[in-house]
Amino acid sequence: GQLLYEHRRNYTGAEAHYRQALLADPQHAGALTNYGILLEDVHQDFRAASRMYQRALDAEPRSSLALCQYAALLANADHSYDQATALLKAGLVADPNNTDLQQCLDAVKASHKAHASIKVSASGEAARRELERRRLAKVAESRRQRRKAFTALADEERSQDAEVGAGGGGGGGG
């Protein structure tokens, strides 16, 4: 699914793959998170994406990718900075050396600071344009981070598939 989504831009195929994976394993945190990303990025369906991230975290509470994606959605789409910050801080309590979570927390704080400074410093159309420019820059950075995570996950999946293929050689049919 990730290869279809990220590299081939086959969103329909990727979505079908994620749905099929979730039928086979409704608690698969990776499939839930990646489907949430697709729903957020492609369909702009933030509610459905939020539900996918929540389900991923229910299945795997320490999933860095799910925590970061959900926090980014809360901060960027809902402007729920306090909730996003609390979520990431809880993740860091469980895993204090997790640099991915720390980077996500830093990004949420920066986004909140930028949003607050625009609200306070100016009013009118120029302020709205600047806020939108900053929001789009954060979204673009979030997408770059997702692509990086996708690539790492795809490499891991290919590596696991190769290991299974190499190890499962002549077992045959049953």
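The values are calculated or read from the model by the stated rules, or taken from the named source; none is laboratory data. As the structure is a prediction and not an experimental result, all values here were calculated from the model. Neighbour counts are summed over all protein chains in view; Cβ atoms, including those assigned to glycine, are modelled from backbone coordinates with ideal geometry. For the accessible areas, the whole protein counts, side chains as well, though only heavy atoms, and no ligand, DNA or RNA atoms are used. Shrake-Rupley method; radii C 1.70, N 1.55, O 1.52, S 1.80 Å.
Across the alpha-carbon set of the stretch 1-115, the Rg to Rh ratio works out to 0.99, Rh being the Kirkwood radius.
Heavy-atom surface analysis with a 1.4 Å probe gives the stretch 24-77 a carbon and sulfur content of 49 percent of its accessible area.
When each of the peptides 76-88, 16-28 is scored by the mean number of other C-beta atoms lying within 10 Å of its residues, the order from highest to lowest reads 76-88, 16-28.
The distance from the alpha carbon centre of the stretch 12-38 to that of the stretch 53-76 is 15 Å, rounded to a whole number.
Its residue count N sets the reference 2.2 N^0.38 Å, and the alpha-carbon radius of gyration of the stretch 46-87 equals 1.02 times that reference.
Computed over protein heavy atoms with a 1.4 Å probe, the accessible surface of the stretch 50-93 works out to 45 Å² per residue.
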